[in-house]
Amino acid sequence: MQWVPEYRDDINRVERFNAVARITHWGHTVTFILCLFTGLVLFCDGMDWLATIFGGYAGAGLVHRIAAVLLTLFIAFFVLFDFKGIISWVKDLLRFGMNDIIFVMKFPLDFLGLPVKMPPQTRFNGGEKGNSMLTPTCVIFLVLSGYIMWFPAIFPAGLVRVAYPTHDIAMVFATFMVCMHGYLGSFHPGSGESFWGMWKGTVREDWAKHHHPIWYEEAYGEKADAEKE
Amino acid sequence: MARKTNLYDVSKCIACRACQVACKDWNQLPAVIEPFKGNYQTHKDTNGDTYTIVKFIEHEDDPAADVQWNFLKYQCMHCFEPACMDVCPRKCIYINDWGAVLKDYDNCIGCQYCSYACPFHIPKYRKRQDIVTKCTLCYERVEEGLTPACVRTCPTDALQFGDRDELMQYAEERVKFLRVNGFPNATIYGKFELGGLNMLYVLTDSPDKFDLPVDPKVPGQIPFWQNWVQPYLGWLIPLALLGSATSFVTTRILANKHGEHGEGGHE
Amino acid sequence: MTNHFIDMKNTDCALIIGSNTAENHPMSFKWLTEAREKRGAKIINVDPRFTRTSARSDIYAPLRSGTDIAFIGGMMNYILENKLYHEEYLRWFTNATFIVADSYDFNDGLFSGYDLAKRKYDKSQWAFKKTEDDQYEKDMTMEDPRCVLQLMKKHYARYDIDTVCKITGTPKNKFLEVAKAYAATGAPDKVGTILYAMGTTQHTVGTENVRSYAMLQLLLGNIGRAGGGVNALRGESNVQGSTDWALLFHIIPGYINSPEAQKHPDYATFLAKETPKTGFKVNTPKWVASLLKSYWMDDDPEKSYHYLPKRIDGKQYAHIALFEAMYNKEIEGLFIWGSNPIVGGPNANKEQAALANLKWMVAIDLWQTETSEFWSYKAMDRPTDNDVYKIKRPEEIDTEVFFLPACSSYEKDGSISNSGRWMQYRWKAVDPVGESKADLEIAHMLMRRLKKLYEGSTKPQDEPITRLTWDYGDSDHPDINKVARDINGFEIVNGKPGKQLLNFTKLKDDGTTSCAIWIYSGCYPEDTGNPEKDYLARRRDNRDVGYSDVKPIGSYLNWAWCWPINRRIIYNRCSSTPEGQPWDMDRVSIFWDGDAWVGNDIPDFGKNKDPNGPGGRNAFIMRPEEVGCLYSTCNEGPLPEHYEPWESPVKNLLGSQEFNPVVIEWEPDKRGTSDKYPIVGTTYRVTEHWQSGVMTRMQPWLAELVPNVFVELSEQLARAKGIKNGREVIISTTRGDIKAVACVTKRIKPMNIQGQEVHHIGVIWHFGFNGYATGDPANRLTPHIGDGNTLIPEYKAWLCDIRRA
């Protein structure tokens, strides 16, 4: 059985994510998962077995806080070293249009593996755009509410009171998105190739042409080449 | 079992703070010495090592009359419907069979949600143990047939402990007495507030004169969170996992049927 | 206390003046609260500050510190003018009817017989007129212009409301409210109680303050009755006991004057001079003989009298006098036993300087007190450079200091006497910490070693020690029951202790009985070998059993034991009408049932003395004239007169005599004046700390409650001086400066005194440099001046200034 689509260096590859983006992504992956599991230990019944791994509740609490600080630092790292990348990312998100809506509407079929004809997508397809908007938003809420709960004395009580449900709701949505994203970005046969985009930085050129034709055209197509020249 | 309640009659309290010391003694809490701040009150609020404080509040509504110096013993109110219990993610807060709101400290993770959900902001974080603490109504004493430490020590019987219905009756008599004896605004606090408190106050004036919320409310987002978000929203996570698993299987089955999906997709 | 704590529940009106009962005697409020709840009693509080007591009172009236006599004088005037007094009571139980000798006069603040050079009165000029057969001349109608009541009327007519309020600073409506409410207890079926404490006594006119309360109570017929009395709330749990046991210099145990060298050259002269001709005190020889026998059982009182130390005639040995003597290097050594004078003594700077003049000092306490470390660098710390008494540096001090650790009350057995004169036994709960010892053990060990040192000496001057009877066991741990049996007294048979005495009525003056203190005789009336039963201070029967079918009044006669002879309310003959029937059926103390005095208490009267027979209405048996004294012989005069405190912001409105004419001025140059020190200062305690704070500042939980020395001042004064709440300030007097935290409060208001605005501040005095809570002792501010009779220091009214630190 095939898990992640095979890495093919015999086919021409194009760069999809630079090093900073990849470090940030994987940094966040690790810290988020740490936060998630330590958080679940603290917040859910029946997760006591997990607590043992972290050295009990106190240990889990400590790991949660350390991971949260690292997670914050990765955001800072991304902002500092690839601000341009963020701008172009945001710009791409702002291109959300009819194509994306059609993509999202047709997506469930694709999700289950049924053959669908999708409209051409930019660098990020409709679903990815949704994920790109929702997950960072949730993370920002998580970070902010997290620090408020960590240092409640220096914040107004009303804000602290809101911080707890905010942290929980943001956690649920973020985890939902992360699960879907994790699956689609690796194991899903159609979009799994993007795993290599984030792992090695490059994707198969034909995959890029097929899945993100607009992006491909703009970044590597004739027009782009012409511009370069 | 019938509810057992602490009754605090402000008109008899001389603010000697023996209750505060008795509480520290029984619970073996360390002193939290803060410099004198221009008021007799030791701390602005309860803290992780101080379950109860006596508040000193000066009022001067009518310059011709005497100044009012109000005292108030302040501690956990042991609500009938405690918000702290509702929000505790570890579910370590519970009500015992006679109405004390208690905490299982072994399970407390020090998240302080209870502290901020409480309309009186009573539970407080104790840093040295990373837990949130509060008054226990000395349940361990009560279960041995004693009264809570603060009640036991009160020299003027301003604090009484016993059957809630009986004390309620007594409180009503006291309020009647006070109303005709110079305190027309005397009132009971804790009878209806928040659906009932297991801590009754006989006040000589309206609650705001004692820095008590006149109409305490559980912060609005808590029931919303409690009744809707927490029970249902969490299901999104298993849903995502289940969906992904389904997709994992169906995509592969369909791929076998339709042939190699591979590089193409979206044919 | 004439009455006791539980009895407060019987009152109709409690006047709390010069006392902060709620804070310093919290238990009193248990009973006052009950009186209010069950009887609808009113609680009145008169105090310069609005305290926690004021907060729980029905009426609060402010007064300037040190003006109690003006206030009470005004109340008496109100009562006399409106005839609100209890006439029958006055007629029979007081000296209101007595005719005063013609030599008595009062003019411009001075009574007749004043000698300015000696600052003393010739008291003989105030005597009562006597008939030819040596009886007091009386006018039962109380209308003779020379009878006490009329003289009082005349004297206090000057205390009209306007004058009084100009002196005290009390708003007129408040004064009237107090006067009306309290005067209502003059009705025969109403009783009022006065509770006072150090706010009353610690003044240059302290004794006269108390006298004025006693007079007010007599006027209203409130003494000797359940729910009444003049009740001194003692400042310490065993102050009553220590006074009974003559810790003061002017008495020997049982309130008998201590001998003076010239005045009392021998035993016979002593007895002749100290035994009055009438009243119960005619028994003085029995008490003194038994006392001397208990000290020196093997010698005749005539001989052992000479073993007693004698005072130099007229010389003062009170606290201030002792420290002045030390300051002047007249004293070499000092035992400081459970006392902390450089925190608690007046003019603490001077007292600290005085200690440095000693050769040696022994300090005995639970903790190392500030006094035991007076030689340290910590003790030198001052907030400013103002060093009036030139405090010595550690290297300049030669005093050798010994410290003996004492154990706490929970670590020892023994009895103490509370304010209500109850002798209550306390059982040991835990063993003493380390090598600490009970006070009794320390005294016992010391005496044993002293006796050993003097063993074999034949010198006559050593006889007080070599001949001393010290039979409390052969180990360093004394036998408490032997001590208790000594206290009660016993027959002496063949030079050995015999049967225990029933009580002091069995004492003899021929040297055949021994009793360490006559007033406590009766606490151990039998020796069956079971101290739990024999020693009545150990009784713990908490049932309030009434006499026959009479409603009980909370006497609890089988709970502990109370001197004299378990009598819970003294002068209780007054609880009945002259004919012997209760004034009020609701609060029956004792009454005449036709044959005997019976009731809820032990009669303070001849048990079978017929009320209609001779002397049957002489209720105050301890007085020579056997009646209550409206008119008396205090050093200041027969009737209390208002004098300003030694340091006062204003002139005396009632006469040209500024301050108490009979006080000793130790340091005239240290008298602050209102131009430099315009603010009236007072010191006080808070419920959270105890005395000089040694026992509370060392306890984290109590230090937490009041962690710093603070000064209470009005918002107006704070504004004028730019002082912010919670910030540090410097308070200064001519004696020194201290630093304190400002407590700016609405509870203190500027006072209008004789048309000028006078500010009042109050400082808590519990603080010193040791413990969890530290701060400057407020007594560095208080003066070395004492009361005209007792020499109790003036802690409560002095002049100061305050500024931002």
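Scattering from the protein assembly as shown was approximated by placing one identical point on each alpha carbon and applying the Debye formula without solvent; log10 I(q)/I(0) at 0.04, 0.06, 0.07, 0.09 1/Å stands at -0.35, -0.65, -0.81, -1.19. In segment C:6-237, Cα pairs under 8 Å separated by at least six residues give a relative contact order of 29 percent.
Projecting label points 7 angstrom from Cα along Cα→Cβ for residue B:2 and residue A:83 puts them 7.3 nm apart. Per residue of peptide A:201-207, the mean number of Cβ atoms on other chains within 10 Å of the residue Cβ is 1. Between residue A:58 and residue C:721, the modelled labels are 4.9 nm apart [label points 7 Å from Cα along Cα→Cβ]. The alpha carbon gyration tensor of segment C:668-804 gives principal lengths a ≥ b ≥ c with a/c of 1.5 or higher and a/b no greater than b/c, which makes the shape oblate.
For the segment B:107-114, counting C-beta atoms of other chains within 10 Å of every residue's C-beta and taking the mean gives 5.
Per the Kirkwood formula applied to alpha carbons, segment A:160-229 shows a radius of gyration over Rh ratio, Rg over Rh, of 1.24. Length available on full extension from residue C:236 to residue C:653: 0.36 nm per residue minus the Cα-Cα distance, which gives 146.5 nm. The dipole here belongs to segment C:172-257: it is taken about the Cα centre, uses +1 on the Cβ of Lys and Arg and -1 on the Cβ of Asp and Glu, and is about 320 debye. Quick test of the membrane-span-like rule: which DSSP H helices of chain C reach at least 18 Å along their long axis (C-alpha atoms) with mean Kyte hydropathy at least 0.5? Within chain C the helices that satisfy the rule are C:68-81. The residues neighbouring residue B:27, those whose beta-carbon lies less than 11 Å from its own, together hold a net charge of 0 under the Lys/Arg +1, Asp/Glu -1 convention. Under 5 Å between amide hydrogens, built in the peptide plane, is the criterion, and for residue B:3 it picks out B:164 among residues at least 5 positions away or on other chains. Any idea which of C:633, C:307, B:198 is furthest toward the positive side of the dipole for the protein assembly as shown, if Lys and Arg beta-carbons carry +1 and Asp and Glu beta-carbons -1? Farthest along the dipole direction, towards plus: B:198. Each Lys and Arg contributes +1 and each Asp and Glu -1, all at the Cβ; summed about the Cα centre of segment B:20-116, the dipole is approximately 420 debye.
Give the Debye-formula value of log10 I(q)/I(0) at each listed q (0.10, 0.13, 0.17 Å⁻¹), with one equal scatterer per alpha carbon of segment C:6-237, two decimals each. Taking Cα atoms of segment C:6-237 as identical point scatterers yields -0.48, -0.79, -1.26. A straight chain from residue C:58 to residue C:410 at 0.36 nm per residue would run longer than the Cα-Cα distance by 123.0 nm.
Label zone of residue C:461 (point 7 Å out along Cα→Cβ, amide N under 15 Å): in segment C:398-424 this covers no residue at all. Against chain B, whose longest principal axis comes from its Cα atoms, helix B:236-258 is set at around 0 degrees. Packing, taken as the mean count of other beta carbons within 10 Å per residue, orders the peptides B:130-140, B:201-211 from highest to lowest as B:130-140, B:201-211.
For segment C:784-796, 3J(HN,Hα) computed residue by residue from phi via the Karplus equation (6.51, -1.76, 1.60; θ = phi - 60°) reads 8, 8, x, 5, x, 10, 9, 6, 4, x, 7, 9, 9 Hz, glycine and proline entered as x.
The mean sequence distance of close C-alpha pairs (under 8 Å, at least 6 residues apart), as a share of the length of segment C:723-787, puts its relative contact order at 29 percent. Less than 5 angstrom separates the built amide H of residue C:761 from those of C:680, C:681, C:682, all sequence-distant by 5 or more or on a different chain.
Under the rule a/c < 1.5 gives rounded, and otherwise a/b versus b/c splits prolate from oblate, where does chain C land using the Cα gyration tensor? Note, shape of chain C comes out rounded.
Length available on full extension from residue B:25 to residue B:254: 0.36 nm per residue minus the Cα-Cα distance, which gives 75.2 nm. The modelled label-to-label distance between residue C:331 and residue B:246, using points 7 Å beyond Cα along the C-beta direction, is 9.7 nm. Simple rule: put +1 on each Lys or Arg Cβ and -1 on each Asp or Glu Cβ in segment C:1-96, find the dipole, and look at C:55, C:6, C:40; the Cα lying farthest toward the positive end is C:55. Projecting the Cα atoms of B:139, B:40, B:13 onto the charge dipole of segment B:1-160 (Cβ charges, centred on the Cα centre) puts B:139 farthest toward the positive pole. Take every Cα pair under 8 Å whose residues are at least 6 apart in sequence, average their separation, divide by the length of chain C, and the relative contact order is 16 percent. Counting only other chain Cβ atoms within 10 Å of each residue's Cβ, the peptide C:49-55 averages 4. In whole angstrom, note down how far apart the Cα centers of segment C:403-450 and segment C:634-703 are. Taking the Cα centre of each part, segment C:403-450 and segment C:634-703 sit 33 Å apart.
Calculated mean residue ellipticity at 222 nm for the protein assembly as shown: -9500 deg cm²/dmol, from DSSP H runs with n ≥ 4 weighted as -39500 (n - 2.57), summed, divided by the residue count and rounded to 500.
For residue B:94 and residue B:185, the FRET efficiency from 1/(1 + (r/R0)^6), where r spans their Cβ atoms and R0 equals 51 Å, is about 0.90.
Does anyone have the angle between helix A:98-111 and the longest principal axis of chain A? Alpha-carbon axes, 0 to 90°, nearest 10? The two axes meet at around 80 degrees. Here residue C:300 and residue C:477 are evaluated by their C-beta separation; at R0 = 25 Å the FRET efficiency comes out at 0.20.
Under the convention that each Lys and Arg Cβ holds +1 and each Asp and Glu Cβ holds -1, the size of the dipole of chain C around its Cα centre is about 1540 debye. Relative to the longest principal axis of the Cα atoms of chain B, helix B:164-180 runs at roughly 50 degrees. Separation of segment C:49-69 from segment B:218-251 is 66 Å, based on Cα centroids. Backbone phi angles across segment B:111-127, fed through the Karplus curve with coefficients 6.51, -1.76 and 1.60 (θ = phi - 60°), yield HN-Hα couplings of 6, 6, 4, 4, 4, 8, 7, 5, x, 9, 6, 8, x, 10, 6, 10, 4 Hz in residue order; Gly and Pro are listed as x. Near residue B:3: Cβ cut-off under 10 Å, other residues only, Lys/Arg at +1 and Asp/Glu at -1. The net charge is -1. With R₀ set to 45 Å, the beta-carbon distance separating residue C:491 from residue C:400 gives a calculated FRET efficiency near 0.45.
Taking the average, over residues, of other Cβ atoms within 10 Å as the packing measure, peptides C:23-30, B:223-230, C:198-205, C:707-714 rank C:198-205, C:707-714, C:23-30, B:223-230 from highest down. Going by a ≥ b ≥ c, the root eigenvalues of the Cα gyration tensor, does segment A:13-228 fall in the rounded group (a/c under 1.5), the prolate group (a/b larger than b/c) or the oblate group? Because a/c hits 1.5 or more and a/b exceeds b/c, segment A:13-228 counts as prolate. Segment C:301-335 and segment C:162-230 have Cα centres spaced 36 Å apart. Other residues whose C-beta falls under 15 angstrom from the C-beta of residue C:279 contribute a net charge of +2, scoring Lys and Arg +1 and Asp and Glu -1.
Quick note: the coordinates plus some simple rules give every number you see, no bench work behind them. Small disclaimer: the values here were computed from a predicted structure and weren't measured. No Cβ is skipped: glycine too gets one built from the backbone with ideal geometry, and neighbour counts run over all protein chains shown.
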